[in-house]
1. Under a straight-distance cross-link criterion of Cα-Cα below 27 Å, which lysines are reachable from LYS30, leaving out those fewer than 8 residues away in the same chain?
2. When the helices in the chain are scored as -39500 (n - 2.57) per DSSP H run of 4 or longer and the sum is shared across all residues, what 222 nm value do you end up with, to the nearest 500 deg cm²/dmol?
3. Where Lys and Arg each count +1 and Asp and Glu each count -1, what net charge lies around PRO8 among other residues with Cβ under 11 Å from its Cβ?
4. Tilt of helix 48-61 relative to the longest C-alpha principal axis of the chain, in degrees (0 to 90, nearest 10)?
5. Using the Cα atoms of segment 1-157 to build a convex hull, what is its mean projected area in square nanometres?
6. Could you list the chymotrypsin sites (Phe, Trp or Tyr not before Pro) in segment 89-136 that lie in coil according to DSSP, counting only those with at most 12 other Cβ atoms within 10 Å of their Cβ?
7. Check THR122: other-chain or 5+ apart residues with amide H under 5 Å from its amide H, H built from backbone geometry?
8. Between ARG75 and LYS42, what is the spin-label point distance in nm, taking each point 7 Å from the Cα along the Cα→C-beta axis?
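Quick note: the coordinates plus some simple rules give every number you see, no bench work behind them. Remember, predicted model here, so these are calculated numbers, not experimental data. Cβ sites come from the backbone with ideal geometry, for glycine too, and all protein chains shown count toward neighbours.
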Amino acid sequence: MIDAIIYPGTFDPITNGHLDLIIRAARMCKRIVVAVAANYEKHPLFELDERVRLIQDSLQIVAGNYGNDAIIEVRCFDNLLVEFANSIGITTILRGLRAVSDFEYELQQASVNRVLDCKIETIFLMTSERYSYLSSSAVRSIARYHGCVEALVPPPVQQALMDKLGFE
Ligand code: ADP
C-alpha cells in the first residue's frame, strides 16, 4: 500500500473527472495531497485561493464515497513540483490519463521529474470512461457560452462559474 500520494494539477476548475480520480486513489492510499499549482502563466480563470476552496467544498460533498479513512488535504504550491513534494515528505505523484494524446506530455513530465529527483515516481490512473472527454478547459469553454455544465462539475463549481461569468 502506498502511504501518501500527491495529485498535482491546475484544477481550473476541479471537474467530476478529477473528483473521480481522487476517490479511486483514496481507496489505494492513506493520504492524498491535492496540490494546486499556481500556474499564473496559464492565466487561470479562477484565482489560486478560489481553486483551493472549490476543491475543498467539492470534496466535502463526496466525502462518504472515499471507502476508507484516507486523509485528503488540499495545498497550493508555486515552486517545482518535486521540491514541493519533498517538502511535504511525499515521493509518489499521481496523474490521470485520458487519451493517447495525454501520454506524450505525461511521459515527458514524469521523466523530467525523475531526472530532477530519482526518488520520485509517477503513477497513473486511467480515466473512467464516462469522464474520458472531460477537461477543465472544456468546462470553461462551455460555461463561457452559458452552456449547461451540471453533469460535468460538482455543484460548488457550477455556482462559482455562474458567479464568475455572470449568468444563471
Ligand atoms: P494540468 O494543468 O497539470 O494538466 P489539470 O488540472 O488539467 O492540470 O489536470 C490534473 C490531472 O488530472 C492531470 O493528470 C490530468 O490528466 C488529470 N485529469 C484531468 N481531467 C481528467 C479526467 N476527466 N479524468 C481523469 N483524469 C483527469
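1. Partners within reach: LYS119.
2. On the way: 6 runs with 69 residues, N = 168.
When only DSSP H runs of four or more count, the value is -12500 deg cm²/dmol.
3. Details: positive: ARG75, ARG95; negative: none.
Counting the neighbours of PRO8, the net charge comes to +2.
4. 90
5. On the way: hull surface 36.2 nm².
The orientation-averaged projected area of the Cα hull of segment 1-157 comes to 9.1 nm².
6. On the way: sites: PHE103, TYR105, PHE124, TYR131, TYR133; in loops: TYR133.
Of the chymotrypsin sites (Phe, Trp or Tyr not before Pro), the ones in loops of segment 89-136 whose Cβ has at most 12 other Cβ atoms within 10 Å are TYR133.
7. Here the answer is ILE93, since their amide H atoms fall under 5 Å of that of THR122.
8. 1.9
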